[in-house]
Amino acid sequence: MTTIEERPVATETEAPARAPLDAAAIRADFPILDQSVNGHRLVYLDSAATSQKPRAVIDALDAYYRQDNANVHRGIYALSERATAGYEGARVKVAKLLNVNDPHEIIWTRNATESINLVAYSWGRKHISRGDVIVLTEMEHHANLVPWQLLAQEKDADLEFIPITDDGVLRQDVFDVLLRLKPKLVAFTHVSNTLGTINPVEDMTRRAHEAGALVLIDGAQAVPHLPVDVQAIGADFYAFSGHKALGPTGSGVLWARRELLEAMPPFMGGGDMIREVHLRRSDWNDIPWKFEAGTPDIAAQIGLGVAADYLRDLGMDRLRDHERDLVGYALDVLPREVPGIDLYGPMDPEIRGGVVPFNIPGVHPHDAAQVLDRFGVAVRAGHHCTMPLHERLDLGATARASFQCYTTRDDIDALANGLKEVQRLFGV
Amino acid sequence: MDDLYRDYILEHYRRPHNFGVLETPTATYEGSNPLCGDRITMQLDVEDGVVREVGFTGRGCAISQASASLLTDEIKGKPLADVSSFAATDVLDLLGIEISPARLKCAMLSFDALQHLLDELGAKPLANDPA
Ligand SMILES: Cc1ncc(COP(=O)(O)O)c(C=O)c1O
């Protein structure tokens, strides 16, 4: 049986009294940022879609394939042992990032979508039955909506939704009413990928538990941006994607409490997830491997471990301070520099992550994004996989700027300047 | 400065031709681009095998609105047989600008709606993937 232990890493010291992040210095760690696009410095403002990767992560992928590549948990030889040690060591690093004590509670997946589907299939198919209620919110990414629709259709269960206010905050009073329906599960996003709203996850989890529900939190936009302590939050399931958290694509995480994981049936069947296989039945492996059938993306998960260390070295408190500053700056500068711009989401940076959706009246967000690209500014345009939220706010689409540790105030100035060009071109 | 946002494209975007709802449509189709949430409703009024009137409504980017405006201008007054022979590349010719792969769906939103209308009218069966 494989045990999970971390290879020795340099122990980091606690950041003294929250010195601000030096984004300019951090940028030097991200090789991709050192390029020009259409004759301008690349201004990457789409980190909510996927983050860029620090050199340490890129180097880890390279080193893994050059030196350690072998299948995990199989070979009795040096390479396989190194690959396994790296793969399992990464679990410990991610456990530390989330303040999880037992790394066996960290399940590797491909992304947040797979993590949530795992819960919907494995836990959901066992525990949800006809007439049961699952509470979601109006601001969910499709990844935390469609798996529950599939489950509800199959089981004839009911979905209820916590509505939002016009500035994108969850109606906690309505949540209290919905809890009287005695839901089996409450699933909500920690931070909205479209509006940036930071939800009061601890408080919501406590109330959901008091009503007898389990809680799943979609942390795809939280883990990369702010301190996440799953013990303090107290939820039952917590999901995120590695690629938005400075890690490689193909890396993802589901955390869940051990008792839940042990009681859940496997998600997929195959190699690695079994202890003993007979022709007509099998015994499952222990957690986490019970949920990791088949050869995983070993390099990606190792890379995610390195990304987790990188984030912890930066200091998640400092990263949050940095993004709070950027949001405040953007909410202040954009309306002044770009008269007429429409901004959405909560205007209080205290409850808002590094996500700024906007529209220029008279200009479709696709066109705004296309013109911004001429100036090297990369923003996302569309519905950001939150169609029901756009419908609720009566918006066809929005453009969205989103931040990371390497984002600077200069980047926001470049966005403002680009948007002035958009307005000039379209005569609005 | 721009190859994409030429003056005539922006002009069609701001004041699209044939924008509106028909009083006596023969066929109506509502299409959307799931990638960006853009929608278009297109209507044809066909009499004696000829497109008498065409109208569209909806919201979209400059490329999708300009292409709808240009396309509806092009087919108005034409026999269905001629409209049926109109191909996707003809829409690109009408637009007269370089369309990147990412914007092709925008440019083709109205053409796609037209293909559904032609199918409904029995003038041209729908290909498997009209876009
Ligand atoms: C809040 C939220 N949840 C889930 C996802 C899905 O992430 P992935 O596509 O990596 O599974 C995203 C990504 O956009 C997201 O922002």
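Residues of segment A:18-54 that are within 16 Å of the ligand (Cβ to nearest atom) and within 14 Å of chain B (Cβ to nearest Cβ): A:Asp46, A:Ala49.
Being of a type in the set (D, E, K, R) and more than 14 Å from chain A (Cβ to nearest Cβ) holds for only one residue in B:Lys105, B:Lys78, and it is B:Lys78.
Would you be able to say whether some residue in segment A:123-136 is among the hydroxyl-bearing types (Ser, Thr, Tyr), assigned by TED's automatic domain parsing to the domain that holds A:Gln301 and surrounded by 21 or more Cβ atoms within 10 Å (Cβ to Cβ)? Scanning segment A:123-136 turns up no residue that is among the hydroxyl-bearing types (Ser, Thr, Tyr), assigned by TED's automatic domain parsing to the domain that holds A:Gln301 and surrounded by 21 or more Cβ atoms within 10 Å (Cβ to Cβ).
If we scan segment B:87-99, do we find a residue that is polar (S, T, N, Q), surrounded by fewer than 19 Cβ atoms within 10 Å (Cβ to Cβ) and either within 14 Å of another protein chain (Cβ to nearest Cβ) or part of a strand (DSSP E or B) (or both)? Within segment B:87-99, not a single residue is polar (S, T, N, Q), surrounded by fewer than 19 Cβ atoms within 10 Å (Cβ to Cβ) and either within 14 Å of another protein chain (Cβ to nearest Cβ) or part of a strand (DSSP E or B) (or both). Within segment B:86-119, restricting attention to residues that are at pLDDT 95 or above and among the polar types (S, T, N, Q), the residue that is farthest from B:Arg15 (Cα to Cα) is B:Gln115.
Taken together, B:Gly37, B:Gly60 contain a single residue that is free of Cβ contacts under 8 Å to residues at least 40 places away in the same chain, within 14 Å of chain A (Cβ to nearest Cβ) and buried (at least 19 other Cβ atoms within 10 Å of the Cβ), which is B:Gly37. The residues listed here are A:Ala239, A:Ala213, A:Ala232, A:Ala208; of these, the one that is surrounded by 24 or more Cβ atoms within 10 Å (Cβ to Cβ), more than 16 Å from the chain's Cα centre (by Cα) and under 30 Å from A:Arg180 (Cα atoms) is A:Ala208. Inspection of segment A:402-425 finds a residue satisfying the criterion of being within 12 Å of chain B (Cβ to nearest Cβ) and farther than 20 Å from A:Arg336 by Cβ. Residues in segment A:179-201 that are surrounded by fewer than 17 Cβ atoms within 10 Å (Cβ to Cβ) and touching a Gly at 6+ places or on another chain (Cβ under 7 Å): A:Lys182 alone. Counting only strands (runs of 3 or more DSSP E) that fall entirely inside segment A:75-189 and contain at least 2 residues that are free of Cβ contacts under 8 Å to residues at least 40 places away in the same chain and more than 16 Å from the ligand (Cβ to nearest atom), the qualifying elements are A:158-162.
Does any residue of segment A:288-297 turn out to be surrounded by 20 or more Cβ atoms within 10 Å (Cβ to Cβ) and free of Cβ contacts under 8 Å to residues at least 40 places away in the same chain? Looking through segment A:288-297, at least one residue is surrounded by 20 or more Cβ atoms within 10 Å (Cβ to Cβ) and free of Cβ contacts under 8 Å to residues at least 40 places away in the same chain.
Residue selection: B:Leu44 fails the criterion of being of a type in the set (A, V, I, L, M, F, W, C), in contact (Cβ under 8 Å) with a residue 12 or more places away in the chain and within 14 Å of chain A (Cβ to nearest Cβ).
Of all residues in segment B:1-34, those satisfying the criterion of being crowded, with 18+ Cβ neighbours inside 10 Å and among the hydroxyl-bearing types (Ser, Thr, Tyr) are B:Tyr5, B:Tyr13, B:Tyr29. Between A:Ala399, A:Ala378, A:Ala414, the distinction of being under 20 Å from A:Val37 (Cβ atoms), buried (at least 23 other Cβ atoms within 10 Å of the Cβ) and among the hydrophobic types (A, V, I, L, M, F, W, C) belongs to A:Ala399 only.
Taking segment A:190-241 as the range and being acidic (Asp, Glu) and within 11 Å of the ligand (Cβ to nearest atom) as the test, only A:Asp218 passes. Quick one: which residue in A:Leu395, A:Leu389, A:Leu343, A:Leu372 is within 13 Å of chain B (Cβ to nearest Cβ), under 17 Å from A:Ile164 (Cα atoms) and away from the ligand (no atom under 16 Å from the Cβ)? Just one listed residue meets the conditions, A:Leu395. Looking only at segment A:261-271, which residues are surrounded by fewer than 17 Cβ atoms within 10 Å (Cβ to Cβ) and closer than 8 Å to A:Ala293 by Cβ? A:Met268, A:Gly269, A:Gly270, A:Gly271 - these are the residues of segment A:261-271 that are surrounded by fewer than 17 Cβ atoms within 10 Å (Cβ to Cβ) and closer than 8 Å to A:Ala293 by Cβ.
Scan segment A:254-262 and tell me whether some residue there is without any contact (Cβ under 8 Å) to a residue 60 or more places away in the chain and out of contact with any strand residue (DSSP E or B) (no Cβ under 8 Å at 6 or more places or on another chain). Checked segment A:254-262: at least one residue is without any contact (Cβ under 8 Å) to a residue 60 or more places away in the chain and out of contact with any strand residue (DSSP E or B) (no Cβ under 8 Å at 6 or more places or on another chain).
The values are calculated or read from the model by the stated rules, or taken from the named source; none is laboratory data. Remember, it's a predicted structure, so these values are computed and weren't measured experimentally. A quick note on method: Cβ atoms are made from the backbone with ideal geometry, for glycine too, and the neighbour counts reach across all protein chains shown.
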